[in-house]
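A.B. asks: Sharing a structure, written as structure tokens. Questions coming.
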Amino acid sequence: MTLRVYNTLTRKKEDFVPIEPGKVKMYVCGPTVYNYIHIGNGRPVIFFDVVRRYLESQKYEVTYITNFTDVDDKMIRKAEELAVTVPELAETFIQAFLDDVKTLGVHDATLNPRVTENIQEIIDFIAALVEKDFAYEARGDVYYRTSKFAEYGKLSNQNLEELQYGIRIEVDDRKESPQDFVLWKAAKPGEIYWDSPWGQGRPGWHIECSAMVRKYLGETIDIHGGGQDLTFPHHECEIAQTEAVTGHPMANYWLHNAFLNIDNEKMSKSLGNGILIRDLVKQIKPQVFRFFMLSAHYRNPLNFSDESLKQASNALERIQNAYDNLKHRLTTASATNEIESALTDRLAAIASQFDDKMNDDFNTPDAITAVFDLVAEANLYLQQERVNAAALQLFLDQLQAFDQTLGILSQQSDELLDEEIEQLIIERTESRKSKNWARADEIRDLLTEKGIFLEDTPQGIRWRRK
Ligand code: AMP
Ligand code: ZN
């Protein structure tokens, strides 16, 4: 089954065909770095990480770019409030973001470009729009002329007239039309600024992504992602900017995650119900939060509550226990390469069930069902008194392969417990007695590898850790 993804632009599921075979270029809009990220921000961060990991598991070479908005109105206001400079504020919260997402097991992006490192590219982009008459200067600001882009509204499925209705009419005589949006903002006295053909100022919000996508990924990319609130106006504006300049589609697939609510309410400043990722992970394992996020389809709203977290924690524990048990039993299992072919077949069926679900627009909740099928098989197998190392390894490999995509398992310390060491020493002595030198050597090697040293003493074998 090939991968199918729901494309916001066409409002249907489509076969995923990358521009270049075997390669995927993806861009996900990143945070404005004026605050710590909250659990809602964790949804796109985790979901698109899983998209990227899954594509990699399917042998695609993925270039994953996600930006930092390190200058805008909110940044300027917050810097003033804290009496720091905008770059100082940015540095603090970029580091905090990187720390938080690392805690969540998110793989590093290929690149995290920042607005302030791309001012020249942004100015060039705006100049190209002005040159083509898609933008106009008005007293030091530059605006995008939406009426000139016939397809404006195609992503959010609205036309200009409908849009006119929805827009709060701002009293701004600089704009030709209320739907026009700002590309370059003239600096007010005391504000951070860059020189430009239109005077001193800074970029508007939407233009940065158009400039960065083109610079780092090219004219058309495969996947562009973000939360559903970004569909309009942000992504609509990105399309208008990019496609006006390049004449090509900006992205072939537009993916948007639905929102995370708290106790069935929208998370909002006024309700004061926001929870920061860094506070949450003091209470629960980050893997539980990841599992919880993936327990709903990304296009469905997800409700965060004590109850739903507890359910996630219990469910994840079943997977983790099976994983730990497999690893423990492996340390003492007999080494044989024979595996029942029926078992191999069952595991292969589970693996393809997982892929089928992920291929169906990244249906993580159903893919997790496949993980539980594997856990059930593993638990059944572990009930046997004599288990064989090759079969245990097969289970472990499969569980780890799923986890390459999901990132929900904790890698427990590989240290052997005292009783496991004792058990291995007894088994080694018995193996030697029965002249099973291969097994005896295998156990010695395993112990050496784990830093356990054996000494022959008159009282028998003694052991110590390195
Ligand atoms: P913001 O900090 O609002 O710029 O959001 C950064 C990213 O997080 C964007 O992709 C938003 O769509 C996403 N986001 C913000 N709040 C939520 C939420 N409650 N649920 C899911 N995604 C969210
Ligand atoms: Zn963007």
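A.B. asks: I'm trying to understand the selection: among the residues of region 295-309, which are assigned to a loop (DSSP other than H, G, I, E, B) and hydroxyl-bearing (Ser, Thr, Tyr)?
C.D. replies: Step one: filter region 295-309 for residues assigned to a loop (DSSP other than H, G, I, E, B), giving 295-301, 305.
Of everything in region 295-309, those that are assigned to a loop (DSSP other than H, G, I, E, B) and hydroxyl-bearing (Ser, Thr, Tyr) turn out to be Ser295, Tyr298, Ser305.
A.B. asks: Continuing with this model, one more query. Would you check which residues across region 102-118 are in a helix (DSSP H, G or I), free of Cβ contacts under 8 Å to residues at least 40 places away in the same chain and closer than 24 Å to Leu55 by Cα and list them? Can you show your working first?
C.D. replies: Initial filter on region 102-118 (in a helix (DSSP H, G or I)): 102-103, 115-117.
Adding the requirement that they be free of Cβ contacts under 8 Å to residues at least 40 places away in the same chain leaves 102, 117.
Scanning region 102-118 gives a single hit, Lys102.
A.B. asks: Please count how many residues of region 175-201 are in contact with a helix residue (DSSP H, G or I) (Cβ under 8 Å, 6 or more places away or on another chain) and within 16 Å of ligand 2 (Cβ to nearest atom).
C.D. replies: Residues meeting the conditions: 2.
A.B. asks: Can you say whether Arg114 is out of contact with any Gly (no Cβ under 6 Å at 6 or more places or on another chain), modelled with pLDDT of 95 or more and within 16 Å of ligand 1 (Cβ to nearest atom), as far as the supplied structure shows? Steps first, please.
C.D. replies: Numbers: out of contact with any Gly (no Cβ under 6 Å at 6 or more places or on another chain): yes; modelled with pLDDT of 95 or more: yes; within 16 Å of ligand 1 (Cβ to nearest atom): yes.
Yes.
A.B. asks: Taking Thr220 as the residue in question, decide whether it is within 12 Å of ligand 1 (Cβ to nearest atom), among the β-branched types (Val, Ile, Thr), farther than 22 Å from Ala96 by Cβ and modelled with pLDDT of 95 or more. Talk me through it step by step, then tell me what you get.
C.D. replies: Values: within 12 Å of ligand 1 (Cβ to nearest atom): no; among the β-branched types (Val, Ile, Thr): yes; farther than 22 Å from Ala96 by Cβ: yes; modelled with pLDDT of 95 or more: yes.
The answer is no for Thr220.
A.B. asks: Okay, next question. If I ask for residues that are within 16 Å of ligand 2 (Cβ to nearest atom) and out of contact with any Gly (no Cβ under 6 Å at 6 or more places or on another chain), which ones from region 48-62 would you list? Working first, answer last.
C.D. replies: As a first pass, look at region 48-62 and keep what is within 16 Å of ligand 2 (Cβ to nearest atom): 48.
Once the filter is applied, which keeps residues that are within 16 Å of ligand 2 (Cβ to nearest atom) and out of contact with any Gly (no Cβ under 6 Å at 6 or more places or on another chain), region 48-62 yields nothing.
A.B. asks: For region 397-415, which residues satisfy the criterion of being assigned to a helix (DSSP H, G or I) and either surrounded by 17 or more Cβ atoms within 10 Å (Cβ to Cβ) or charged (D, E, K, R) (or both)?
C.D. replies: Looking only at region 397-415, we keep the residues that are assigned to a helix (DSSP H, G or I), and these are 397-406.
Passing the criteria: Asp397, Gln398, Leu399, Phe402, Asp403, Thr405, Leu406.
Residues are listed down the side, and each one gets a yes or a no for (1) within 24 Å of Asp124 (Cα to Cα); (2) surrounded by fewer than 19 Cβ atoms within 10 Å (Cβ to Cβ); (3) modelled with pLDDT of 95 or more:
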residue: Asp195; (1), (2), (3): yes, yes, yes
residue: Gln200; (1), (2), (3): yes, yes, yes
residue: Val213; (1), (2), (3): yes, no, yes
residue: His235; (1), (2), (3): yes, no, yes
residue: Gly247; (1), (2), (3): yes, yes, yes
residue: Leu255; (1), (2), (3): no, no, yes
residue: Asp263; (1), (2), (3): no, yes, no
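A.B. asks: Taking only region 19-33 into account, find how many residues are more than 16 Å from ligand 2 (Cβ to nearest atom) and touching a Phe, Trp or Tyr at 6+ places or on another chain (Cβ under 8 Å).
C.D. replies: The qualifying residues number 3.
A.B. asks: Only residues in region 4-25 that are in contact (Cβ under 8 Å) with a residue 40 or more places away in the chain count as the first member; pair them with residues that are surrounded by fewer than 11 Cβ atoms within 10 Å (Cβ to Cβ) and of a type in the set (Val, Ile, Thr), Cβ under 8 angstrom, at least 6 apart or cross-chain, and list the lot.
C.D. replies: Phe16/Thr2
A.B. asks: Assess whether Arg290 counts as being in contact (Cβ under 8 Å) with a residue 24 or more places away in the chain, more than 30 Å from Val142 (Cβ to Cβ), outside the structural domain of Asp361 (by TED's automatic domain parsing) and crowded, with 22+ Cβ neighbours inside 10 Å. Please lay out each step first, then the result.
C.D. replies: Details: in contact (Cβ under 8 Å) with a residue 24 or more places away in the chain: yes; more than 30 Å from Val142 (Cβ to Cβ): yes; outside the structural domain of Asp361 (by TED's automatic domain parsing): yes; crowded, with 22+ Cβ neighbours inside 10 Å: yes.
Judged against the criteria, Arg290 is a match.
A.B. asks: I'd like the full set of residues that are within 16 Å of ligand 2 (Cβ to nearest atom) and in contact with a Phe, Trp or Tyr (Cβ under 6 Å, 6 or more places away or on another chain), limited to region 73-104.
C.D. replies: Lys74, Met75, listed by residue number.
A.B. asks: Have a look at Asp49, Asp73 and point out the one that is closer than 26 Å to Val281 by Cβ and either within 16 Å of ligand 1 (Cβ to nearest atom) or without any contact (Cβ under 8 Å) to a residue 12 or more places away in the chain (or both). Can you show your working first?
C.D. replies: On the way: Asp73 fails: closer than 26 Å to Val281 by Cβ.
Step by step, each of Asp49, Asp73 is checked, and only Asp49 is closer than 26 Å to Val281 by Cβ and either within 16 Å of ligand 1 (Cβ to nearest atom) or without any contact (Cβ under 8 Å) to a residue 12 or more places away in the chain (or both).
A.B. asks: Sticking with this one: Report yes if some residue within region 209-223 is under 24 Å from Phe93 (Cα atoms), more than 16 Å from ligand 2 (Cβ to nearest atom) and over 22 Å from the mean Cα position of the chain (by Cα); otherwise report no.
C.D. replies: Checking region 209-223: not a single residue is under 24 Å from Phe93 (Cα atoms), more than 16 Å from ligand 2 (Cβ to nearest atom) and over 22 Å from the mean Cα position of the chain (by Cα).
A.B. asks: A further question follows. How about region 239-284: which of its residues are outside any loop (DSSP other than H, G, I, E, B) and within 13 Å of ligand 1 (Cβ to nearest atom)? Walk me through how you get there before you give the answer.
C.D. replies: First, pick out the residues of region 239-284 that are outside any loop (DSSP other than H, G, I, E, B): 239-246, 251-257, 260-262, 265-266, 276-283.
Answer for region 239-284, where residues must be outside any loop (DSSP other than H, G, I, E, B) and within 13 Å of ligand 1 (Cβ to nearest atom): Trp254, Leu255, His256, Asn257, Leu260, Asn261, Ile262, Glu265, Lys266, Leu276, Ile277.
A.B. asks: Mind counting the residues in region 331-348 that are more than 10 Å from Ala391 (Cβ to Cβ) and in a helix (DSSP H, G or I)?
C.D. replies: The qualifying residues number 7.
The values are calculated or read from the model by the stated rules, or taken from the named source; none is laboratory data. These numbers come from a predicted model, not from an experiment. Glycine gets a Cβ as well: all are built from the backbone with ideal geometry, and neighbour counts include every protein chain shown.
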